Every structure is written in structure tokens, then in C-alpha cells.
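One structure is given below, encoded as C-alpha cells.
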Amino acid sequence: MVLLRRVIGDALRARRQGQHRTLREVSSAANVSLGYLSEIERGQKEPSSELLAAICDALGARLSELLREVSDTVALAEQMPGVLVPVADEPASVAPAAVRKATTNRGVRQVTSDGGVAVQVRQDSPLKATLRSTRVRPAERDVVCAA
């Protein structure tokens with residue numbers, strides 16, 4: 001099962017690491033304790049909307065951008081068999097049109113949507129999945145889909 005707090009945490013961590021910033025730098029800028037920010041990034045705590053806005057501001061990101069990225073990731077996860085709904089409960093039909101590519105490798109599935117989001121899903125247990133999402137730029141999108 002995908003937990004929203006884990007997807008939010010992954011998105012925040014990816015933005016922070018993409019800027020080559022430390023937890024200490026962002027926690028100071030957002031006025032949140034280093035330990036609490038770490039727990040948010042690891043998906044152990046759910047931030048309030050005010051705290052999430054402060055973290056986004058510290059990262060120079062819009063809250064709407066982060067939430068859109070999280071929404072895209074969850075939407076793709078909903079389309080993948082066995083991630084949000086057990087495989088036995090899903091009809092054996094053709095993959096939705098929004099999914100351009102799905103590959104499986106050692107329990108990790110990668111899906112790229114037409115919206116430019118690549119999602120890697122690792123099924124940790126029957127009730128736990130880890131999602132990693134990345135935005136794919138138009139030039140990279142063709143490379144990912146052609147692979």
C-alpha cells in the first residue's frame with residue numbers, strides 16, 4: 001500500500017538533494033527541527049499544511065508544484081496492478097492509455113506516463129510499496145520510453 005506521507009517525503013527529499021542542500025540548511029530555513037524534517041522525508045511523520053508550505057518555501061518550490069508531483073505519482077500507482085489494489089481484485093485488462101511503458105526488474109517496476117512522470121515501484125511486502133517519482137523532461141521522455 002502506498003502511503004501519502006511517504007510519497008510527500010520522497011518528493012521533498014528529491015527536491016532538497018537536487019539542490020545539493022543538507023537537512024540542516026533546509027530545516028533552519030523552514031524553522032523546523034532537523035529530526036522532524038528527517039522524519040517527514042522518511043515518511044514517518046505527516047506534516048501539517050502550514051509546515052509543508054514552510055518547507056516548500058525553504059526549498060524555493062511552490063506548494064502546488066509539490067502536490068501536483070505527489071498527485072501524479074499516486075495516480076500512476078493507482079494504475080499499476082497490485083500497488084494500491086491487490087492483483088486478484090483487478091480485472092485482467094489492457095493497461096490504461098496514460099501509461100506509456102512498464103518494465104519489471106527484480107521486483108522493481110518502472111512506469112512512465114504521458115504527463116512526463118517516471119515512477120519506480122518496489123513492492124516491499126503485500127501491504128507496503130515504495131514509490132520513487134521523477135519528472136522527465138521532454139527530451140528525456142523519448143529516451144525513457146524507447147528503452
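The values are calculated or read from the model by the stated rules, or taken from the named source; none is laboratory data. Quantities reported herein were computed from a predicted structural model and do not represent experimental measurements. Note: areas computed on protein heavy atoms with side chains; ligands, DNA, RNA excluded. Shrake-Rupley method; radii C 1.70, N 1.55, O 1.52, S 1.80 Å.
Solvent-accessible surface of protein heavy atoms, probed at 1.4 angstrom with all chains present, puts 10, 57, 72 in the order 57, 72, 10, largest first. Mind running the shape call on the range 1-44? Use the C-alpha gyration tensor, a ≥ b ≥ c as the square roots of the eigenvalues: rounded below 1.5 for a/c, prolate if a/b tops b/c, oblate otherwise. It is oblate, given that a/c is not under 1.5 and a/b is not larger than b/c. Rolled with a 1.4 Å probe across the full set of protein chains, the surface gives residue 28 an accessible area near 90 Å².
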